[in-house]
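Student: After the structure tokens below, expect a handful of questions from me.
Since every read-out is calculated from the coordinates, none of them should be taken as a lab result. All of these numbers come straight from a predicted model, not from anything done at the bench. Cβ atoms come from the backbone with ideal geometry, glycine included; neighbour counts cover every protein chain shown.
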Amino acid sequence: MYENLLADVPTDLWIGGKWRKASDGGRFDVIDPATERIIASVASATVEDAIAAIDAAEAAFEGWASRKPRERAEILRRSYELIMRDAERFAKLITLENGKALPDSRSEVAYAAEFFRWYAEEAVRNIGDVSRAPASGARILVHHKPAGIAVLVTPWNFPAAMATRKIGPALAAGCPVVLKPASDTPLTMLALMPVLEEAGVPAGVINVIPSRSSGKVVGAMLHDPRVRVVSFTGSTEVGRKLLREAADNIVKPAMELGGNAPFIVFEDADIDAAIDGAMIAKMRNMGEACTAANRFYVHEKVHDEFAAKLTARMASLKMGNGLDEGVNLGPLVNKDGRDKVIELVNDAVEKGARILTGGRVPDGPGFFYPATVLDNVPDNAKMLNEEIFGPVASIQTFKSEEEVIRRANDTEYGLVAYLYTRDLSRGLRVSEKLDFGMIGLNRGLVSDPAAPFGGMKQSGIGREGAHEGMMEFLETQYVSVTW
Ligand code: NAD
């Protein structure tokens, strides 16, 4: 049915501006999570291929870094325009390999493309600083150089955006990259390469190497002394491994890791606005987002209204193949992902949670799980400490501000927190006390290319987006001058 869409999608490795097979001929299958059908077979990079990609990046580095910032900016801007030209094709491809419903995929494409537009504008603003040393009177001249070859490793939940959020700033800074996309969703990035080539990105500046041997391939690159940056988005567990690997050659790490977002609804909140925000914070990407609201804390005075309204909205979602019009809840990405959701829901229910809607797995094929609301979730339920990564909202009540701040902060994660209140001074006071890198204050969506995205504690190191995102790919150099 969707053969036409797949006909033009490349399935080999993109190294030095050319498509090539894996050195050992290895390949792996990509599956449509809505039908469980194999939709493509993709080359699986070996360590030898990874080193070839680093060679290609090295060959491209000097030329790219020495291009005038305006030239790099124009190429990034053109990349934005060409992605938007092909937006519908990319959206369908994302749905096909990831499962998310088309409206989610369309939003992702727009968000992903925006990183090229934003960094086209930042590429010309690599600004330094001059001052006088207080004691010696020498000039302190500070400027920022491209850090070097960057290895990018991305997850399956946003096959386009998690990669462009790294590629945009890296290219703006003047760094060539080697990208290893997630094995569940390699097609979107492979399909993007001819578009970026058309936009004028020179050979070797971006290399894409899907691989079934992620650990070995990424490990080998991090031990290659030419690699200077590793930018990873994925689980905290794998992030920890990569930090250890990066330690040997002191490779500069940027880590966007897991989350466990609280969503707090105070008694003075606009409940309808909170429901709208909750639907975005919980259901964008079927809950498969690091920013997904994982724990709903609702003040006991407004709990019944909030729970009833959220249940009605969740129950009204249409589940089905994400490519079909009208569907807004696609399948989860794979069997393991769904099994984890089933296990977390069973655990909470066994411990006393009440199902308000959903909770029953439909017959196959496809890794579907319905929109689910659980009330009275007990404190010892596993889902309060782990990422659910599925369309399940867990509700608890609270009585006081101090109590909810303490409970919200009681996690090793610190990516994003949401809170709803009509009292702005309370909103800002509570925001400041929450140990999260991002706060949605009366908003269920924080992601924005112009804002610094990232987490505290075990949710990561560094920021993506905004000017800060480009700094991850720059090294600061200071020249002490007498003139
Ligand atoms: P994952 O950690 O399993 O995989 C991420 C990437 O790392 C994939 O490309 C994978 O192939 C690769 N990988 C796996 N093991 C590796 C190893 N030993 N060495 C090198 N690479 C390895 O994560 P996932 O399941 O793809 O994505 C979901 C996770 O990503 C969630 O925890 C989510 O919170 C997180 N995430 C975080 C952000 C953020 O910005 N903070 C954004 C999206 C997703």
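Student: Working from Cα positions, state the angle (0 to 90°, nearest 10) between the long axis of helix 335-350 and the longest principal axis of the chain.
Tutor: 30
Student: Taking the Cα centre of the chain as the origin and placing charges on Cβ (Lys, Arg +1; Asp, Glu -1), which of GLY259, GLY462, TYR413 is farthest toward the positive end of the dipole?
Tutor: Of the listed residues, the answer is GLY462.
Student: Arrange the peptides 275-284, 259-268, 438-447 so that the one whose residues have, on average, the most other Cβ atoms within 10 Å appears first.
Tutor: Final packing ranking: 259-268, 275-284, 438-447.
Student: Just order 419-430, 71-82 by mean Cβ neighbour count inside 10 Å, highest at the front, would you?
Tutor: Descending packing order for the listed peptides: 71-82, 419-430.
Student: In whole angstrom, how far apart do the alpha carbon centroids of the stretch 246-282 and the stretch 303-339 sit?
Tutor: Cα centroid of the stretch 246-282 versus Cα centroid of the stretch 303-339: 19 Å apart.
Student: Moving to a separate point now. With N set to the number of residues, divide the alpha-carbon radius of gyration of the chain by 2.2 N^0.38 Å and report two decimals.
Tutor: Relative to the 2.2 N^0.38 Å estimate, the chain comes out at 1.00.
Student: Another one. I need the fraction of alpha carbon pairs in the stretch 261-448 separated by more than 23 Å, rounded to a whole percent. Please list the in-between numbers first.
Tutor: On the way: 6433 of 17578 pairs.
Cα-Cα pairs of the stretch 261-448 separated by over 23 Å account for 37 percent.
Student: Can you give the FRET efficiency to the nearest 0.05 for ASN442 and ASP347, using r as the Cβ-Cβ distance and R₀ = 30 Å? Please list the in-between numbers first.
Tutor: Working: r = 32 Å, r/R0 = 1.07.
Between ASN442 and ASP347 the formula returns 0.40.
Student: Could you tell me what a quarter of the Cα convex hull surface of the stretch 21-102 works out to, in nm² with one decimal place? Write out the running numbers ahead of the final one.
Tutor: Details: hull surface 29.9 nm².
Its Cα hull, projected and averaged over all orientations, spans 7.5 nm².
Student: HN-Hα J couplings of the stretch 234-248 from phi, Karplus 6.51/-1.76/1.60, θ = phi - 60°, integer Hz, Gly and Pro as x?
Tutor: Karplus-based 3J(HN,Hα) across the stretch 234-248 equals x, 6, 4, 4, 6, x, 4, 4, 5, 5, 5, 5, 5, 5, 4 Hz.
Student: Using the Cα centre as the reference, give the magnitude of the dipole from point charges on the C-beta atoms of the chain (Lys, Arg: +1; Asp, Glu: -1; all else neutral), rounded to the nearest 20 debye. Write down the numbers at each step before the final one.
Tutor: Numbers: 56 positive and 66 negative charges, 191 e Å.
With only Lys, Arg, Asp and Glu charged at Cβ, the dipole is about 920 debye.
Student: Something else now. Taking the Cα centre of the stretch 305-348 as origin and charging only Cβ (+1 Lys, Arg; -1 Asp, Glu), how large is the dipole, in debye to the nearest 20? All intermediate terms of the calculation are to be shown ahead of the outcome.
Tutor: Numbers: 6 positive and 7 negative charges, 22 e Å.
Taking the Cα centre of the stretch 305-348 as origin, the dipole is about 100 debye.
Student: Over every pair of different alpha-carbon atoms in the stretch 81-186, take the mean of 1/r and invert it; report that Kirkwood radius in Å.
Tutor: 15.8
Student: I would also like to ask the following. Highest mean first, how do 146-157, 455-466, 295-306 rank when packing is the count of other Cβ atoms within 10 Å averaged over residues?
Tutor: Those peptides, ordered most packed to least, come out 146-157, 455-466, 295-306.
Student: Once both axes come from the Cα atoms, what is the angle between helix 303-315 and the longest principal axis of the chain, in degrees from 0 to 90, rounded to 10?
Tutor: Helix 303-315 sits roughly 70 degrees off the main axis of the chain.
Student: If you take every DSSP beta bridge fully contained in the chain, what fraction is antiparallel? Give it as a percent rounded to 5.
Tutor: Bridges in the chain that DSSP calls antiparallel: roughly 45 percent.
Student: Per the helix-only calculation at 222 nm, which mean residue ellipticity applies to the chain, given -39500 (n - 2.57) for every DSSP H run of n ≥ 4 and division by its residues, nearest 500 deg cm²/dmol?
Tutor: -12500 deg cm²/dmol
Student: Could you give the C-alpha radius of gyration of the stretch 392-483 expressed as a fraction of 2.2 N^0.38 Å, taking N as the number of residues it contains?
Tutor: 1.42
Student: Of all beta bridges DSSP finds with both residues in the stretch 302-443, what is the antiparallel percent, to the nearest 5?
Tutor: 25
Student: Related question: Pairing the Cα long axis of helix 271-283 with the longest principal axis of the chain, what angle in degrees results, from 0 to 90 and rounded to the nearest 10?
Tutor: 50
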